[in-house]
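Let me begin by presenting the structure, written as structure tokens, before commenting on it.
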Amino acid sequence: MKATLDRIVATSRTYTQNGTLANYIPELAKANPNALAICICDHTGNCTQAGDFNTAFTIQSVSKIVTLLYAFEAYGEDVFSRIGVEQTADAFNSIIKLETRNHGKPLNPLINAGAIATIAYIAEHEGKGTFRKLSTFLRKMAQNESIHVNQDVYASEKRTGDINRALAYFQKGVSSFSAPVEIVLDTYFQMCSLEVHVKDLARIAQVLANNGVLIESGERLFSEKTAMMTKSIMTTCGMYDSSGHFAVTVGIPSKSGVGGGILSVVPGQYGIGTLGPALDEKGNSAAGIELLSQLSNELHLSIFR
Ligand code: GLU
């Protein structure tokens, strides 16, 4: 596996030139655009890494998976009273469908409006402790107690997050949620600013691949049903408005973030984390997608095979 990963990192490296760093959150523009890394954890818990796996990055929208898992596990299908499961075909931070479709009910939990709605839903039940609970759950999945908020990115998000504020206040304005907006936004910004490595993403993904059970301890963190619903939504909505193309070319349930990370789940087999901060026009890691595409073709990982 190590030789395979080293080789595909080398052959994918030029694709880092095909993207640009996210700069609408100024702090993200400080990343190294040429970084490229992968970690893959198998069903025995053994993890193999290649490339720049020591590079830290913020988890960004990949955290939406953890928020969703927590909400499903704690509150079951009632979560669907507040968020849908349909693709938008719009950008991740678009507001348009909040007004034109299902008034005030976001189409899915993996776009910004939907993740904010999911956090609001959790906060209505759990109040101010929401970030602590979500981040504790994330650290547990990653089995890494040292994961923390990158304060510079958090401050940068908070300073420039007016579109997210608009999404939250619109929902509050049409009575879609009752939690205090600034607490909801703060929780969202902090979740996005958690600093991780590819191994953390791979470990989180491995718990999903293993349908909710931590391999090392045998502890169940969430139910099979929670895992199944989350993987389904990752397949249809996880790669922004190119989820359909990604399903066709890679075929692995995944979620990307504008920090350049992608978390991918090969059910029953692998948890995969990749990093490539240079993003394509949809906001997905350009070289990360190439890595996953090569890996999927070579190891026959598409779930549609
Ligand atoms: N913090 C980012 C934002 O809200 C997350 C977006 C993403 O990774 O897709 O804009």
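At-a-glance table
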item: Considering residues of segment 47-69 that are within 16 Å of the ligand (Cβ to nearest atom) and of a type in the set (Val, Ile, Thr) only, the residue farthest from residue 293 (Cα to Cα); result: 67
item: Qualifying residue in segment 31-46 (condition: β-branched (Val, Ile, Thr), surrounded by 21 or more Cβ atoms within 10 Å (Cβ to Cβ), at pLDDT 95 or above and within 16 Å of the ligand (Cβ to nearest atom)); result: no
item: Residue that is nearest to the chain's Cα centre (by Cα), among those in segment 88-97 that are within 15 Å of the ligand (Cβ to nearest atom) and touching a residue at least 24 places away in the same chain (Cβ under 8 Å); result: 92
item: Number of the exception - residue 88 against (1) β-branched (Val, Ile, Thr); (2) buried (at least 21 other Cβ atoms within 10 Å of the Cβ); (3) at pLDDT 90 or above; result: (3)
item: Options 70, 75; residue that is in contact with a Leu (Cβ under 7 Å, 6 or more places away or on another chain) and either part of a helix (DSSP H, G or I) or free of Cβ contacts under 8 Å to residues at least 12 places away in the same chain (or both); result: 70
item: Some residue of segment 221-229 being within 16 Å of the ligand (Cβ to nearest atom) and in contact with a helix residue (DSSP H, G or I) (Cβ under 6 Å, 6 or more places away or on another chain); result: no
item: Lone unmet requirement of (1) closer than 26 Å to residue 134 by Cα; (2) small (Gly, Ala, Ser); (3) at pLDDT below 95; (4) assigned to a helix (DSSP H, G or I) for residue 63; result: (3)
item: Every residue from segment 278-288 that is under 14 Å from the mean Cα position of the chain (by Cα) and not small (Gly, Ala, Ser); result: 284
item: Scope segment 255-285; condition closer than 24 Å to residue 88 by Cα, more than 13 Å from the ligand (Cβ to nearest atom) and buried (at least 24 other Cβ atoms within 10 Å of the Cβ); matching residues; result: 264, 265
item: Count of segment 99-115 residues which are out of contact with any Lys or Arg (no Cβ under 6 Å at 6 or more places or on another chain) and within 22 Å of residue 258 (Cα to Cα); result: 7
item: Test: residue in segment 140-160 that is among the hydrophobic types (A, V, I, L, M, F, W, C), under 26 Å from residue 236 (Cβ atoms) and away from the ligand (no atom under 12 Å from the Cβ); result: yes
item: Verdict on residue 102 being outside any helix (DSSP H, G or I), farther than 26 Å from residue 2 by Cα, free of Cβ contacts under 8 Å to residues at least 24 places away in the same chain and away from the ligand (no atom under 16 Å from the Cβ); result: yes
item: Odd one out for residue 173 among (1) at pLDDT 95 or above; (2) more than 16 Å from the ligand (Cβ to nearest atom); (3) farther than 19 Å from residue 65 by Cβ; result: (1)
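The values are calculated or read from the model by the stated rules, or taken from the named source; none is laboratory data. Quantities reported herein were computed from a predicted structural model and do not represent experimental measurements. Note: ideal-geometry Cβ built from the backbone for every residue, glycine included; neighbour counts use all protein chains shown.
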